[in-house]
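Engineer: Here it is, the structure in full.
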Amino acid sequence: MRFLADENVPYRVVKKLRGDGIDIISMYDVQRGITDPEVAELANQEGRILITFDKDFGTMLFVEGFTLPGLILLRFPPKNVGYIYRNLKALLSKDIDFHGKIMSVHEDRIRIGKM
């Protein structure tokens, strides 16, 4: 699986996940400050599942008709880098096909829907 971390996912988290062998790039690696539609376009071009704290991407999918290979919406409080890393590492280590799914990740549950 290939992932794209939005700018709001700390770069230190992305580096730690890479160290764990996860294929993930950050918008810090690509181009910071671009619009959400441009982020979505990049995710589509590279076939990467988008990981973000920005719920606007859900609106883009369901209201505005945008597409993504998959979306992981982080809905837990970003307490610190270690906390975000542990939550993402646990999720990305599961045997889940993230393609074509929107996942809402909370502290106490994960909701999975189809796009």
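Engineer: Per residue of region 73-89, what does 6.51 cos²θ - 1.76 cosθ + 1.60 with θ = phi - 60° give for ³J(HN,Hα)? Whole Hz please, x for Gly and Pro, Karplus curve as stated.
Structural biologist: After applying 6.51 cos²θ - 1.76 cosθ + 1.60, I find 8, 8, 10, 9, x, x, 4, 6, 4, x, 5, 5, 4, 4, 5, 5, 4 Hz.
Engineer: Something else now. At what distance in nm do the modelled label points of LYS55 and GLN31 sit from each other, each positioned 7 Å from its Cα along Cα→Cβ?
Structural biologist: Roughly 2.9 nm, to one decimal.
Engineer: Take the Cα pairs of region 1-103, get the Kirkwood Rh, then feed it into Stokes-Einstein at 4 °C and 1.567 mPa s and tell me D in µm²/s.
Structural biologist: This corresponds to a translational diffusion coefficient of 95 µm²/s.
Engineer: Which ³J(HN,Hα) values, rounded to whole Hz and listed in residue order, are derived for region 56-63 from phi using the Karplus coefficients 6.51, -1.76 and 1.60 in 6.51 cos²θ - 1.76 cosθ + 1.60 with θ = phi - 60°, glycine and proline given as x?
Structural biologist: These are the phi-based 3J(HN,Hα) values: 4, 5, x, 4, 4, 6, 8, 9 Hz.
Engineer: Summing Lys, Arg as +1 and Asp, Glu as -1, what charge do residues with Cβ under 9 Å from the Cβ of ASP6 carry, ASP6 excluded?
Structural biologist: Result for the neighbourhood of ASP6: -3.
Engineer: Can you compute the FRET efficiency between PHE62 and ILE110 using 1/(1 + (r/R0)^6), with r the Cβ-Cβ distance and R0 = 30 Å? Round to the nearest 0.05.
Structural biologist: Once rounded, the FRET efficiency stands at 0.95.
Engineer: Additional query: How far apart, in nanometres, would the label points at ALA90 and ARG12 be if each is projected 7 angstrom from Cα along the Cα-to-Cβ direction?
Structural biologist: 2.0
Values in this text are rule-based calculations from the coordinates and carry no lab data. These numbers come from a predicted model, not from an experiment. Positions of Cβ are generated from backbone atoms using ideal geometry, with glycine treated the same way; all protein chains shown enter the neighbour counts.
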